[in-house]
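Remarks on the structure that follows.
We did not get these values from a lab; they are worked out from the coordinates using the rules stated. What you see is a predicted model; the values in this text were computed from it and never measured. All Cβ positions, even for glycine, are placed from backbone atoms using ideal geometry, and neighbour counts span all protein chains on display.
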Amino acid sequence: MDEVFLYLMAIFYIFAGFMHFVKPKMYIAIIPPYIPFPRMVNRLVGFAEIILGLGLFIEGLRSISAFGIIVLLIAVFPANLYMYQKANNRFRKWLFFLRLPLQLVLIGWAYLYT
């Protein structure tokens, strides 16, 4: 069962990484305005998610990839906070508020493989 969750996490990050290139406007829109070069940041995060997700499949890279995911989740937290602050209706505001603690769940999930 442990392997199932590991592979699900790997696929989740690889998919999320590809989405940065398929739907870049969606991701660029949630990058806070104080972060320079939002297009480049979006691409870097996308590449990082793909590489780290692939690293989870390789036993010798699994631990460092999981640590990398934790660092990445912490680094992108300002985007999640900005998305919450920028929400333009109550439903979205509530949904994005619930997204904030989900970051801790994702960090905990990655930590299992460090």
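Give the number of residues within segment 1-58 that are among the charged types (D, E, K, R) and surrounded by 14 or more Cβ atoms within 10 Å (Cβ to Cβ). Spell out the reasoning first.
Of the residues in segment 1-58, the ones among the charged types (D, E, K, R) are 2-3, 23, 25, 39, 43, 49.
Those still in the list that are surrounded by 14 or more Cβ atoms within 10 Å (Cβ to Cβ) too: 43, 49.
Residues that pass the stated criteria total 2.
Taking segment 65-114 as the range and being under 19 Å from Leu44 (Cα atoms), touching a Ser or Thr at 6+ places or on another chain (Cβ under 8 Å) and of a type in the set (Phe, Trp, Tyr) as the test, only Phe67 passes.
When Ser63 is tested against (1) loosely packed, with under 14 Cβ neighbours inside 10 Å; (2) in contact with a helix residue (DSSP H, G or I) (Cβ under 7 Å, 6 or more places away or on another chain); (3) closer than 13 Å to Trp109 by Cα, just one condition goes unmet, and that condition is (2). Restricting to segment 30-65, what's the tally of residues that are in contact with a Pro (Cβ under 9 Å, 6 or more places away or on another chain) and either hydrophobic (A, V, I, L, M, F, W, C) or at positive phi (or both)? Here the count works out to 2.
Search segment 78-114 for residues being among the β-branched types (Val, Ile, Thr) and surrounded by 11 or more Cβ atoms within 10 Å (Cβ to Cβ), and hand back the single one that is farthest from the chain's Cα centre (by Cα). Can you show your working first?
Start the filter on segment 78-114 by keeping residues that are among the β-branched types (Val, Ile, Thr), which leaves 105, 107, 114.
In the following step, the residues that additionally are surrounded by 11 or more Cβ atoms within 10 Å (Cβ to Cβ) were identified as 107, 114.
Details: Ile107: 10, Thr114: 17 Å.
Only one residue tops the list, namely Thr114.
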